[in-house]
Structure formats: C-alpha cells, structure tokens
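The values are calculated or read from the model by the stated rules, or taken from the named source; none is laboratory data. All of these numbers come straight from a predicted model, not from anything done at the bench. Heads up, the Cβs are rebuilt from the backbone with ideal geometry, glycines too, and the neighbour counts pull from every protein chain shown. We work out accessible area using only protein heavy atoms, side chains counted, and drop any ligands, DNA or RNA first. Shrake-Rupley method; radii C 1.70, N 1.55, O 1.52, S 1.80 Å.
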Amino acid sequence: MNTTLIIGAGGVGRVVAHKCAMNADVFGKIILASRTKSKCDEIALEIKNVTIETASIDADNTNELIEFIKQVGADIVINVALPYQDLTIMDACIATNTPYLDTANYEHPDEAKFEYKEQWARDDKFKEAGIMGLLGSGFDPGATNVFCAYAQKHYFDEIHYIDILDCNAGDHGYPFATNFNPEINLREVSAKGRYWENGEWIETEPMEIMQVWDYPEVGPKDSYLLYHEEMESLVQNIKGLKRIRFFMTFGQSYLKHMEVLQNVGMLGIEPVEHQGQKIIPIEFLKTLLPDPASLGPRTKGKTNIGIVAEGLKDGVKKKIYIYQVKDHEECYKEVLSQGVSYTTGVPAMIGAKLMLEEIWSGTGVFNMEQLDPDPFMEEMNKQGLPWKVKELEV
Ligand code: NDP
C-alpha cells in the first residue's frame with residue numbers, strides 16, 4: 001500500500017486531501033502535515049471514508065522534513081504549502097529518494113520574483129536519487145501546460161501562437177478578497193506584465209494590455225496580460241512557438257482596491273517600522289483580508305481556464321480553444337472548497353496519481369508538457385474537471 005504525504009493544509013491542501021481520499025485505492029495511507037496542525041485536523045474530520053493522519057511540520061526546515069519523510073515512509077510528497085518551501089521540500093525528497101510534486105514555482109520570500117531556475121538546477125540530483133519531480137501540477141501552471149501538449153500531440157505540426165486565458169467569474173460578496181494566498185496573489189498581479197515573442201521577453205507595465213475575451217458559459221470579460229510561470233517552460237517545450245501570452249480577468253472593483261493598496265504602500269514586501277515593531281505591509285494585509293479558505297460557502301459563479309493555440313497542420317492554418325469550466329458552488333458541495341482551490345487541487349491529485357501508478361514516470365524534474373497529455377486529460381474528465389475543444393476561425 002502506498003503512503004502519501006501532503007504538505008500544506010490551506011485551500012488547495014483541503015482539496016488534495018479530499019480528492020486523494022476519493023482515490024484511496026491508489027493513495028493508500030494519507031498523511032496531511034502543515035505548520036498549523038489544527039487546520040489539518042479540521043480537514044481530516046471532514047473526510048469520512050478514510051482516516052487521514054495529521055501532523056505539524058515546519059517545511060522551511062529541510063532536516064525536520066527529512067526525518068519526517070523517513071518516519072512516515074512516504075512514497076510521494078505532494079507539496080501544496082507555499083512556493084517559498086519548494087526548495088527545502090525538494091531537497092528533503094532528494095535526501096530520502098522520495099518522488100515530489102508541487103503546483104507553483106519557487107519564489108524567494110524577499111524578492112517578488114518567481115522562476116524555475118533553482119528547481120531545474122536540481123534535475124541532476126533527482127536523476128541521481130532515481131526519482132521524479134513534477135513541477136507545477138495545478139491548473140495554471142498544470143492543466144494549461146497539458147492542454148498545450150495535447151494540442152501539440154493531436155492538432156498541430158507546429159504551434160505558432162498560444163494565449164492562456166484564465167477567467168474567474170466567481171462572486172464572494174466581499175468588496176475585496178483574493179481567491180488564493182493573498183501574498184502570492186497580490187505579488188503576482190502587481191508585478192510588471194511580460195510575454196514572449198520571437199525569442200524575447202517583452203515587459204509591460206502592470207495591467208497595461210487588456211483584451212475582452214468571450215468565455216464560454218461565462219460571457220465577455222476584461223482580461224489583462226500578466227506574466228505567468230508556465231510560459232517559462234512552454235517556450236522551451238512547444239515546437240515552432242512564435243508568441244505566448246497569459247491573460248487573467250479582473251473586475252473594476254478588484255483593480256481599484258489594488259491600485260489604492262499599491263499607492264499607500266500596503267503591497268510592500270520590505271519591513272517597515274511601526275510603533276517600535278517591524279512589520280511587512282503585505283503580510284499585515286494578509287491578516288486583514290478574508291482567509292481564501294473561508295470564501296468557499298459564499299462564492300457563486302464559474303471559472304473558465306483554457307488555451308487558444310494557433311499554428312499549422314498539414315500546411316493548413318488552424319486555431320483551437322481547449323477550456324475547462326467549473327462552478328464554484330458545485331466545488332463546495334463536493335469538497336467544501338471554492339473553485340480556484342478546486343481547480344488547483346484536482347490536477348495536483350491527478351499528477352500524483354499518475355506518478356504512483358507509474359503511468360507518468362522518469363527520473364529528474366519535469367514540467368507538465370514534457371509528459372504524455374492523454375492520461376492526464378482522461379483523468380480530468382473522470383475527476384471533476386471535464387474539458388472541451390472548440391475549433392476557432394483563423
Ligand atoms: P494557503 O495560504 O491557503 O495555504 C498554504 C498552506 O501552507 C497553509 O496551510 C500554511 O500553513 C502552509 N504553510 C506555509 N508555510 C509553511 C511552512 N513553512 N511549513 C509548513 N506549512 C506551511 O495557500 P493555497 O492553498 O491557496 O495555495 C497552496 C499552493 O498552491 C501555493 O503554492 C500556491 O501558489 C499554489 N497555487 C497554484 C495554482 C495553480 O493553478 N498552479 C493556483 C492557486 C494556488 P498555515 O496554515 O500555518 O499558514
């Protein structure tokens with residue numbers, strides 16, 4: 001029987017724990033460990049069909065992780081803590097020869113910057129340890145990379161243009177809240193935009209480029225160009241690519257709040273002195289904002305995330321749209337969580353399932369598009385994330 005160790009008991013951790021329990025024949029014994037054990041216990045209590053063991057762990061501490069992974073005898077570590085913990089958890093997996101999976105690329109806590117460099121640099125060590133590391137197995141990155149690989153495998157000889165389109169049309173009724181960890185989310189959307197064209201990265205001001213996209217089952221939405229991490233690996237792995245961009249929808253109220261928070265310095269990541277105490281503004285803001293995990297019961301509406309790929313098949317131009325639509329309330333009914341955590345947690349579970357079943361295998365670190373997309377796409381249909389392909393006019 002397998003032993004599955006999930007690290008992180010936030011919004012995504014809850015979904016991963018529920019979905020692993022629904023696939024207990026593959027995941028076997030499930031251990032949920034996080035900084036705050038009470039959060040793990042709360043999730044374990046929600047899950048009725050399987051007993052989830054819980055533990056407290058400091059995932060910033062590699063030695064503590066190594067001891068813990070050995071103690072529980074994990075066959076896989078699913079890292080759904082924060083991107084700051086990626087490297088310590090990867091190093092503990094290397095030291096214990098344990099397969100590793102995450103959903104977001106490493107971000108240095110003191111720099112609002114995320115990239116794969118340091119995770120890719122561990123490729124040799126993963127190979128030496130004879131283990132697989134799967135990077136970015138959420139929705140975006142994650143399912144969007146798989147959509148690109150699926151388009152490349154089944155629809156194109158060469159893909160020239162990709163737009164990744166991420167729409168969350170959910171309404172939680174608060175004037176301002178973020179759908180996942182506020183610090184990570186706000187750092188991402190307040191950063192400069194960037195896209196890749198003809199071999200070069202082109203930088204834009206934050207929210208400088210906007211297009212209106214008509215999302216199936218949702219309707220037209222303002223969609224803003226952002227930098228997003230899956231582009232870093234896709235530019236290397238998709239044949240013939242000339243341009244790739246990433247767009248995310250934001251409502252006017254969200255943008256107004258962001259602008260004000262930015263202008264008054266609340267998004268700052270440097271410590272400031274406040275009445276004799278050092279505080280980091282964005283961390284303090286996180287304390288004030290609603291906990292993303294609490295949005296579940298109040299969020300209504302749908303998410304729609306997909307990719308539009310354009311290129312050539314047998315010398316003829318072709319354009320397709322692969323997308324997935326999910327209803328927030330349906331997610332809550334199934335796993336007590338809103339759609340953003342759901343659409344991240346389910347692909348994390350699927351990636352881990354394919355690894356444990358050795359349907360996805362190999363040694364070293366992999367981005368999602370480097371693996372056969374078909375079994376992942378099949379699992380998405382079975383595990384609550386059905387997708388569609390639509391041919392568009394070129
Ligand atoms: P949350 O902030 O809700 O949860 C993070 C969890 O990690 C919390 O339980 C937290 O513990 C725990 N944690 C933080 N630091 C440590 C530590 N040092 N040791 C042990 N546990 C720790 O985040 P989400 O669940 O929303 O997101 C989880 C991950 O998913 C993030 O990396 C995020 O970037 C990624 N993500 C990926 C997406 C994708 O599509 N690829 C989309 C959305 C998110 P505590 O409760 O004590 O704070």
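Can you find a residue that is within 13 Å of the ligand (Cβ to nearest atom), modelled with pLDDT under 95 and more than 18 Å from residue 227 (Cβ to Cβ) anywhere in the stretch 102-117?
Among the residues of the stretch 102-117, at least one is within 13 Å of the ligand (Cβ to nearest atom), modelled with pLDDT under 95 and more than 18 Å from residue 227 (Cβ to Cβ), which makes the answer yes.
Search the stretch 65-80 for residues that are without any contact (Cβ under 8 Å) to a residue 24 or more places away in the chain and pair each with any residue that is assigned to a helix (DSSP H, G or I) and surrounded by 24 or more Cβ atoms within 10 Å (Cβ to Cβ) when their beta-carbon atoms are under 6 Å apart and the residues are at least 6 apart or on different chains.
Sorted first by the residue in the stretch 65-80, then by its partner, the list stays empty.
All but one of (1) touching a residue at least 60 places away in the same chain (Cβ under 8 Å); (2) open to solvent by 20 Å² or more (accessible area, probe 1.4 Å); (3) in contact with a Ser or Thr (Cβ under 7 Å, 6 or more places away or on another chain) hold for residue 122; which doesn't?
Every condition holds for residue 122 apart from (3).
Quick one: which of 286, 300, 239 is in contact with a helix residue (DSSP H, G or I) (Cβ under 7 Å, 6 or more places away or on another chain), within 16 Å of the ligand (Cβ to nearest atom) and of a type outside the set (Val, Ile, Thr)?
From the options 286, 300, 239, the qualifying one is 286.
Would you please list the contacts, defined by Cβ atoms under 8 Å and residues six or more apart or on different chains, that run from a residue in the stretch 343-354 that is under 12 Å from residue 134 (Cα atoms) and open to solvent by 10 Å² or more (accessible area, probe 1.4 Å) to a residue that is more than 13 Å from the ligand (Cβ to nearest atom) and not hydrophobic (A, V, I, L, M, F, W, C)?
Matching pairs, first to second residue: 353/23; 353/379.
Of all residues in the stretch 1-18 being among the hydrophobic types (A, V, I, L, M, F, W, C) and within 16 Å of the ligand (Cβ to nearest atom), which is farthest from residue 353 (Cα to Cα)?
So, considering only residues that are among the hydrophobic types (A, V, I, L, M, F, W, C) and within 16 Å of the ligand (Cβ to nearest atom), the one farthest from residue 353 (Cα to Cα) is 9.
Name the strands (runs of 3 or more DSSP E) wholly within the stretch 143-255 that hold at least 2 residues that are open to solvent by 50 Å² or more (accessible area, probe 1.4 Å)?
In the stretch 143-255, 158-168, 193-197, 200-204, 210-215, 219-225 are the strands (runs of 3 or more DSSP E) which contain 2 or more residues that are open to solvent by 50 Å² or more (accessible area, probe 1.4 Å).
Condition first: in contact with a helix residue (DSSP H, G or I) (Cβ under 7 Å, 6 or more places away or on another chain), open to solvent by 20 Å² or more (accessible area, probe 1.4 Å) and assigned to a helix (DSSP H, G or I). Now tell me which residues in the stretch 327-339 satisfy that.
Of everything in the stretch 327-339, just one residue is in contact with a helix residue (DSSP H, G or I) (Cβ under 7 Å, 6 or more places away or on another chain), open to solvent by 20 Å² or more (accessible area, probe 1.4 Å) and assigned to a helix (DSSP H, G or I), namely 332.
Residue by residue, here is whether (1) more than 16 Å from the ligand (Cβ to nearest atom); (2) open to solvent by less than 70 Å² (accessible area, probe 1.4 Å); (3) in a strand (DSSP E or B) holds:
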| residue | (1), (2), (3) |
| --- | --- |
| 265 | yes, yes, no |
| 273 | yes, no, yes |
| 295 | no, yes, no |
| 305 | no, yes, yes |
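Return the residue satisfying two criteria in turn: it lies in the stretch 70-101 and is closer than 19 Å to residue 137 by Cβ, at pLDDT 95 or above and in a loop (DSSP other than H, G, I, E, B), and of such residues it is most open to solvent (accessible area, probe 1.4 Å).
Restricting to residues being closer than 19 Å to residue 137 by Cβ, at pLDDT 95 or above and in a loop (DSSP other than H, G, I, E, B), the top hit is 75.
Taking the stretch 108-142 as the search range and keeping residues that are outside any loop (DSSP other than H, G, I, E, B) and touching a Gly at 6+ places or on another chain (Cβ under 6 Å), which one is farthest from residue 167 (Cα to Cα)?
127
Please go through the stretch 372-383 and give me each residue that is open to solvent by 20 Å² or more (accessible area, probe 1.4 Å) and touching a strand residue (DSSP E or B) at 6+ places or on another chain (Cβ under 8 Å), ordered by number.
381, the sole residue that qualifies.
Scan the stretch 19-69 residue by residue and report those that are within 13 Å of the ligand (Cβ to nearest atom), of a type outside the set (A, V, I, L, M) and assigned to a helix (DSSP H, G or I).
Residues satisfying the conditions are 37, 38, 39, 40, 41, 42, 62, 64, 68.
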